[in-house]
1. Would you check if there is a residue in the stretch 479-486 being over 28 Å from the mean Cα position of the chain (by Cα), surrounded by 12 or more Cβ atoms within 10 Å (Cβ to Cβ) and touching a residue at least 60 places away in the same chain (Cβ under 8 Å)?
2. Just need a number here: residues in the stretch 151-171 that are out of contact with any strand residue (DSSP E or B) (no Cβ under 9 Å at 6 or more places or on another chain) and open to solvent by 60 Å² or more (accessible area, probe 1.4 Å).
3. Among (1) assigned to a loop (DSSP other than H, G, I, E, B); (2) among the aliphatic types (A, V, I, L, M); (3) over 22 Å from the mean Cα position of the chain (by Cα), which single condition is VAL168 missing?
4. So how many residues does the stretch 114-150 have that are in contact with a Phe, Trp or Tyr (Cβ under 7 Å, 6 or more places away or on another chain) and either open to solvent by 30 Å² or more (accessible area, probe 1.4 Å) or among the polar types (S, T, N, Q) (or both)?
5. Could you identify the single residue in TYR258, TYR265, TYR233, TYR249 that is among the hydroxyl-bearing types (Ser, Thr, Tyr) and out of contact with any Ser or Thr (no Cβ under 8 Å at 6 or more places or on another chain)?
6. Restricting to the stretch 63-74, what's the tally of residues that are at pLDDT 95 or above and more than 15 Å from VAL355 (Cα to Cα)?
7. PRO204 is checked against (1) touching a Lys or Arg at 6+ places or on another chain (Cβ under 7 Å); (2) in a helix (DSSP H, G or I) and fails just one. What number does that condition carry?
8. For the stretch 172-199, which residues satisfy the criterion of being crowded, with 16+ Cβ neighbours inside 10 Å and of a type in the set (Asp, Glu)?
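The values are calculated or read from the model by the stated rules, or taken from the named source; none is laboratory data. Predicted model, so just to flag it, every value in this text is computed and none were measured. In this analysis, Cβ positions are derived from the backbone assuming ideal geometry, glycine residues included, and neighbour counts consider all displayed protein chains. Surface accessibility is based on the protein's heavy atoms, side chains included, excluding ligands, DNA and RNA. Shrake-Rupley method; radii C 1.70, N 1.55, O 1.52, S 1.80 Å.
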Amino acid sequence: MKIKNYKSVIILLCLYIQVGSLYGQSSKKDSKEIQSRIKEVENNLSAWIQIESKPQKWTLKERMKFYHANGVSIAVIKNYKIEWAKGYGWADSLEQKRVTTQTLFQAGSNSKSLNAVGILKLVQEGKLNLNADINDYLKTWKFPYDSLSKGKKITIANLLSHTAGLTVHGFNGYEQGDTIPTILQTLNGQKPANSEAVRSMYEPSLKYEYSGGGTTISQLIIQDVTGKPYEEYMWENVLKPLGMTYSSYSQPPSKEKYKLLATGYYNDGNAVKGKYHIYPEQAAAGLWTNPTDLAKYVIETQLSLQGKSQKVLSKEMTEIRLTPYIDSKAGLGVFIIDKNGVKNFEHGGVDEGFVSQYIGTMKGGNGVVVMTNTYNTALFDEIIRSVALTYGWNNAYTPDIRKEIYVKDENLKPYLGKYGSGDFIWSIIKKENDIYLSINDNQYWGTCMWKIHFINDDNFFVTEKNCEFFFVKDKSGKITGLNWNKEDILKKVEE
């Protein structure tokens, strides 16, 4: 993703001057009790991590301004029902188009959750076997196994749980006017595709490795098995039965949806060129939806798990979907997260200029969906935390209180620099007397600038994300890399 250099003064002025009049477009007239809870959510945003003796809380209005967020849309689920839904700010600030509860956002990788429902419906009907070789079902293209797969076959369960050992983490999409590749060109990495070929990194069923490329193979399986275009199958068999009547996998979106589409924005206030990118990788990143529609999917999942509904999947199939496969967190198109003994199913999404997240509790019928047309995930994290605390989700989001140490200005220089390689670069920069972690990433967190808080000389945290970062040093004490949550090391780039 490239940050645009031109300035959109009109956009920013519209956002800051008129956000007061835009603050809240509800879908219905809520009761006084619900209105009170809405205000509590709006007025109690906080960071995932609180610094000892420095607790902070903000209003949604303040944080939208802080993050240059044009628009936000929220749906809150209580007792298996949507209790309230509300839109805030601009769907398109230049056109003065407000966010309403009907406004459509790009769902990014949340598309994978509904895709898994579509695949599992075919399994339920006996048309697919979760544990069979994917090449048993692929007709227009075959996966080219090589020595890296070590003779093991990739299954559909592998594709949906990111355990197939495949390349291509995610996709950048295509600007309006670009030549759009076919799905076969995408899988083979052939022009005009802007991503590499989807191939083996290592043997399947070895470990978790997120792969939008693998999800794209599942898209082709649906087409090859059903003989229908992907968006048509998903509408008839998943979206429509779930009541997600505003949603669509059509890429680009159909003309009748244009008035409802939000425009994507970067963190500097600039709009995505052409308003949004086109994603032919529909299963991985192509869903257009809104929080109300996505909440219907969350509720159906919860009811199906209880055996109280089966609009698409049976109780047994939903249990399979929500059961971690090989990895402790990765289910089939969904992640299972245990927060202080409270289990949730959830997923997040990042498309160019859009970020979103949904969470549903495994028990009790609670949940939240947040979609924004900004490029920063920190805001929706803060909103979700406020919802969880307001609705008392069994202390699932109790604050993590941490101490920080002071590092003298003259001692900050060794930490500064770039970490990573290719398009995956994180930077640590100095700003006044503090240093910040700068991320420009269209796969995980969007574009972020987070202040670093040191725990000691080697470890630091940021308040926006509940994780720790570690500096890697050689025997002489020289900093050689940066490690996030003990995963892959980002090597420091010598300048």
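1. The answer is yes, given that some residue of the stretch 479-486 is over 28 Å from the mean Cα position of the chain (by Cα), surrounded by 12 or more Cβ atoms within 10 Å (Cβ to Cβ) and touching a residue at least 60 places away in the same chain (Cβ under 8 Å).
2. So the count comes out to 2.
3. Of the numbered conditions (1) assigned to a loop (DSSP other than H, G, I, E, B); (2) among the aliphatic types (A, V, I, L, M); (3) over 22 Å from the mean Cα position of the chain (by Cα), the odd one out for VAL168 is (3).
4. Selection size over the stretch 114-150: 2.
5. TYR258
6. Counting residues in the stretch 63-74 that are at pLDDT 95 or above and more than 15 Å from VAL355 (Cα to Cα) gives 0.
7. (2)
8. None; the set is empty.
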